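Scroll down for the structure; my scribbles are underneath it.
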Amino acid sequence: MPPTKQLEAILAIYRAHGHRQYGETVTELQHALQTATFARQSNEPDAVVAAALLHDFGHLLHSGGEDIAEQGIDMRHENLGANRLAAYFGPAIVEPIRLHVEAKRYLCWADPAYLDGLSPASRLSLQIQGGPMDAAESAQFQRQPHHDTALRLRRYDDMGKVPAMATPALEDFRALLESFLVG
């Protein structure tokens with residue numbers, strides 16, 4: 001499939017399923033757009049902005065429903081999304097996506113104030129995802145090549161929960177995403 005058709009397939013999934021509630025006060029699409037907007041406003045490199053936009057793509061791929069966390073099920077959305085996106089994008093985008101849940105677990109271990117600041121939905125998913133890391137897990141996380149980017153992505157992820165926030169449209173990120181397509 002030509003790269004532009006690959007990207008259209010990704011955007012079509014956002015258009016078809018982005019209306020799902022994120023577990024917060026925003027939809028999946030609003031959350032994605034807000035996360036990318038915060039990364040862009042912080043003058044992050046374009047690869048980080050792209051990763052921020054796509055970080056929860058895995059939520060749109062499963063059929064577990066919008067209340068999957070309330071059911072106590074971890075769909076491992078970070079791996080589901082990263083595995084699918086790896087056919088289209090390189091590691092600079094895919095690996096921070098794969099690590100963004102581990103980044104939350106790491107930050108909860110490293111910074112008690114971070115844990116205290118998590119939203120109720122993030123606290124619930126944290127429990128399902130294994131809770132805060134321990135020292136051995138944190139050391140392993142820190143050895144991952146893209147862990148620093150994943151930590152920054154995680155902070156934007158936490159910010160992207162603002163009801164009615166004005167953001168660029170999904171289509172406004174097309175050229176950015178196209179610039180990173182592989183194959």
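The values are calculated or read from the model by the stated rules, or taken from the named source; none is laboratory data. Note that this is a predicted model, so its numbers are computed, not measured. Cβ: placed from backbone, ideal geometry, glycine included. Neighbour counts: every protein chain shown.
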Problem - All positions within the range 84-136 that are closer than 19 Å to Gly160 by Cβ and either touching a strand residue (DSSP E or B) at 6+ places or on another chain (Cβ under 6 Å) or among the polar types (S, T, N, Q) (or both) - result: Ser119, Ser122, Ser125, Gln129
Practice task
Looking only at the range 8-49, count how many residues are in contact with a strand residue (DSSP E or B) (Cβ under 7 Å, 6 or more places away or on another chain) and either at pLDDT 95 or above or surrounded by 18 or more Cβ atoms within 10 Å (Cβ to Cβ) (or both).
Solution key: 1
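Assess whether Pro120 counts as being surrounded by fewer than 17 Cβ atoms within 10 Å (Cβ to Cβ) and farther than 19 Å from Gly58 by Cβ. Give the derivation first.
Numbers: surrounded by fewer than 17 Cβ atoms within 10 Å (Cβ to Cβ): yes; farther than 19 Å from Gly58 by Cβ: yes.
Yes, satisfied.
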Exercise for the section: Identify the single condition in (1) in a helix (DSSP H, G or I); (2) out of contact with any His (no Cβ under 7 Å at 6 or more places or on another chain); (3) under 19 Å from Gly58 (Cβ atoms) that Gly130 does not satisfy, given that it satisfies every other one. Expected result: (1)
Practice task
Report, by residue number, each residue of the range 129-172 that is under 28 Å from Ala9 (Cβ atoms), surrounded by fewer than 19 Cβ atoms within 10 Å (Cβ to Cβ) and acidic (Asp, Glu).
Solution key: Glu171, Asp172
Practice task
Only residues that are outside any helix (DSSP H, G or I) and within 12 Å of Val101 (Cβ to Cβ): list them for the range 133-183, please.
Solution key: Met133
